[in-house]
Each structure stands twice: as structure tokens, then as C-alpha cells.
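Values in this text are rule-based calculations from the coordinates and carry no lab data. As the structure is a prediction and not an experimental result, all values here were calculated from the model. Here the Cβ positions follow ideal geometry from the backbone for every residue, glycine too, while neighbour counts run over all protein chains shown.
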Amino acid sequence: MMSLKRMTVAMAMAGVATVALANGGFFGAEGERSAIERAHAAYLKDDMPSMSSALREALADPSADQLVRTNAYDLLNRAFREHKGKLTSDWAPPPGVSNLKFAHVRKAKQDGVAYKANFAGHMDAADTLSQVQLVKFPNDVVLDRRAGVGEWESAPEETGGGFYFGLDSEDREAPLADGLYIIRFVLASGLSSEGWFVMSDLTSSATPSVHAPAYGETVTSAQPTITWDDFRSPELSPDERRVMRVNVSRVTDVSPYWAPVWGLSSQGATQTSATVGLEPDADGPESSLANGEYWLSVSFYEQRMFGDLKLRRASRTSRPFRVAIP
């Protein structure tokens with residue numbers, strides 16, 4: 001049975017948006033309810049797929065005012081918290097595509113802060129996907145492989161076979177806006193499909209502190225030690241899973257002008273230091289760094305699941321450094 005607290009919260013949220021009084025409110029006939037009303041009704045029944053679909057419809061309605069949109073975001077975030085950061089969706093990746101991830105990244109730079117979008121995943125073959133596009137509804141293109149909006153990357157997976165793919169936007173001065181986002185896939189066979197998600201509460205307002213190497217530092221060891229502070233964004237919710245990732249890439253003369261050489265992931269993100277070549281769970285082709293120019297990034301991800309899609313609030317600090325062994 002629905003708890004009184006849950007019903008009271010849901011009806012109060014709908015009241016803020018001034019939508020529950022029309023057409024009989026929550027207790028009107030099903031066909032008379034607005035999309036936001038149907039979303040609340042589904043929430044009360046713990047029917048998350050129906051709630052999500054109704055929220056999509058509400059956010060796609062061009063007549064929806066800001067109160068309705070804010071109400072939709074609040075309901076979605078409450079549902080995520082109540083379901084431990086995992087909600088079911090009404091769509092699935094196309095055949096041969098899996099492990100989808102969307103990250104909204106806040107990135108600390110020497111001269112300030114930038115934001116970017118990244119959409120990534122796994123595909124069974126190098127040519128599985130001929131097109132990936134991300135659009136903020138109705139027609140604001142954020143990423144588009146064919147049109148060259150964002151940088152496309154594909155490489156063999158280090159384990160398990162198949163290929164990693166990623167589409168990374170250029171740095172932006174402002175974060176992406178909350179709202180409905182549409183993902184469009186086209187397979188090499190010509191088959192097309194579509195997914196979607198609601199971006200809400202995925203923007204970090206802080207970035208991690210990295211202590212070593214310092215920005216532009218020259219290190220004299222082929223196995224430098226990297227140190228940073230544990231990090232939690234002010235927006236972190238208790239239902240979200242934390243992941244930390246350290247990447248070291250060699251600067252090159254050809255596009256994309258960098259090549260990953262060493263990396264480390266930590267589930268739970270409690271580690272605060274790592275030494276190249278001495279970490280048993282590290283990945284990448286090298287266990288020591290030759291003389292040259294490198295780029296370090298330390299990223300923390302706070303993650304929810306929407307069906308098969310990981311939604312990540314990402315906070316990143318990046319910097320150049322140099323290896324010069326006497």
C-alpha cells in the first residue's frame with residue numbers, strides 16, 4: 001500500500017506546478033490527465049516505466065511552463081533517490097551496442113572552468129555504428145558524428161573483445177541546460193533507433209584538487225607518483241555510485257594529439273595516490289613513461305542508471321606535465 005508520506009509528497013509537488021487541479025486532478029479520468037499528472041499517478045503506483053514515459057511527454061510539450069518542468073525534474077530526482085539510483089526505461093540500445101554512458105563534465109583548467117558532454121559505449125565491431133547523435137529536444141544538436149559535432153573515437157577494448165566508442169564535445173563556457181535529450185543511433189546495416197534521457201541535477205559545481213604533478217611540472221622519474229584529494233561534489237546524492245578515474249596520455253603531433261598510456265579506475269573512489277607502473281589494477285600499454293610531454297586528468301563520476309544508460313555527473317582536473325629523465 002502507498003505510504004501516506006509518499007502520497008503527500010507527490011501531491012504537494014504537483015500542487016507546486018499548479019497542474020493537479022485541472023480535469024479532476026490526480027483522481028480525474030485517465031484520459032483527461034495531463035502528462036505531469038500521469039507521471040505523478042504512476043509514481044504513486046511505483047510504476048517507474050510509466051512515470052518516466054509521462055515525464056518525457058511533459059518535457060516535450062512546448063506549452064509546458066517552467067513550473068511544470070521544475071516539477072518534473074523534482075519528481076524524477078525523488079524517484080531516483082527512492083530506487084537507489086536506478087530507474088527502468090522504455091528503450092534499449094540497438095543490437096551490437098551496450099554499456100552506454102553519458103557524462104556531463106565540469107573541467108578545471110588553468111584559466112578557469114569549462115564544461116563538456118561525452119557519450120560513450122561498447123560496440124561489437126568497429127563499424128557497428130555509422131551515426132550517433134545527441135540532441136537537446138527539440139533541435140539543439142550537442143553531438144553528431146556525421147556532422148563532425150564533437151570528436152569521435154573508437155578503439156579495441158583491452159579485454160573481452162569488441163570496441164570502445166566515444167563522442168566528446170568541445171569545451172563550453174556554460175553547462176548544458178536541464179531538459180529532455182534524444183539519442184539517435186544508425187547502424188551500418190541502416191537500422192536506426194532512438195533513446196532518450198532527462199538531464200537534471202547532473203551539473204557539478206566543484207572540481208577535485210590535484211597536488212602532484214603540479215601544472216607544467218617537469219618530473220625526473222619514469223614512474224611518477226600522482227596525488228589528489230578524495231572528492232565529492234556538493235550535488236552528490238546518497239543513492240549515487242562514485243567512480244574515480246586517473247588517465248595519463250602522451251601528447252602527440254597527430255589528431256587527436258594525445259594517446260592514452262596509463263590509467264587507473266577505483267570503484268567507490270577512496271584512493272588518493274597512485275604510482276605509474278606500481279598499481280596492480282592499472283591499465284594501459286605502458287608501465288613507465290619515456291621522456292616527453294604528457295597530459296594528466298583526474299576525474300570523479302557520480303552515477304545513476306536509467307535503464308541501460310549510465311548518467312554521470314563528472315568533475316575533472318586536467319594539466320600538462322613533462323618527463324625528463326637525466
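Brief remarks follow.
- Whole-Hz ³J(HN,Hα) from phi, Karplus 6.51 cos²θ - 1.76 cosθ + 1.60, for region 171-184, glycine and proline x: 4, 10, 6, 10, x, 5, 7, 4, x, 8, 10, 10, 10, 10
- Note on residue 206 and residue 174: the extension gain reaches 10.1 nm, defined as 0.36 nm multiplied by sequence separation minus the Cα-Cα distance.
- Computed from backbone phi, the HN-Hα couplings of region 103-112 come to 10, 9, 9, 9, 10, 7, 10, 4, 9, x Hz, rounded to whole numbers (Karplus: 6.51 cos²θ - 1.76 cosθ + 1.60, θ = phi - 60°; Gly and Pro given as x).
- Legend: helices of the chain (whole DSSP H runs) are marked when their alpha-carbon atoms reach 20 angstrom or more along the helix axis and their mean Kyte-Doolittle hydropathy is at least 0.5; nothing is marked.
- Förster radius 22 Å - calculated FRET efficiency between residue 137 and residue 67, Cβ distance, rounded to 0.05: 0.75
- For residue 307, the amide hydrogen comes within under 5 Å of the amide hydrogens of 87, 88, 89, counting only partners 5 or more places away or on other chains and with H modelled in the peptide plane.
- Under 18 Å from the residue 225 label point (7 Å along Cα→beta-carbon), backbone N, region 279-295: 279-282, 288-289
- Springs between Cα atoms under 10 Å define the GNM used for the chain, and in it the highest mean-square fluctuation of 155, 35, 58 occurs at 155.
- Under 13 Å from the Cα of residue 310 - aspartates and glutamates, other chains or at least 8 residues apart: 240, 302
- Working from Cα pairs under 8 Å separated by at least six residues, relative contact order for the chain is 17 percent.
- By the count of neighbouring beta-carbon atoms within 10 Å, fewest first, 226, 182, 325 end up ordered 325, 182, 226.
- Ranking 98, 49, 186 by Cα position along the charge dipole of the chain, where only Lys, Arg, Asp and Glu carry charges on their C-beta atoms, puts 49 farthest toward the positive end.
- Efficiency of FRET from Cβ geometry, residue 46 and residue 235, R₀ 25 Å, rounded to 0.05: 0.45
- In plain terms, the chain from residue 189 to residue 253 could stretch by 19.6 nm, reckoned as 0.36 nm per residue minus the Cα-Cα distance.
- Residues whose placed amide H lies under 5 Å from that of residue 221, excluding near-sequence neighbours: 324
- Loop sites in region 52-140: trypsin sites (Lys or Arg not before Pro), DSSP, at most 13 other Cβ within 10 Å: 84
- DSSP beta bridges in the chain [antiparallel fraction, %, rounded to 5]: 85 percent
- Shown for 73, 294, 215: other C-beta atoms within 10 Å of each C-beta, ranked fewest to most, produce the order 215, 73, 294.
- Region 300-326 residues near the modelled residue 291 label - backbone nitrogen below 12 Å, point 7 Å along Cα→Cβ: 323-326
- Residues 295, 196 arranged by fewest to most Cβ contacts within 10 Å: 295, 196
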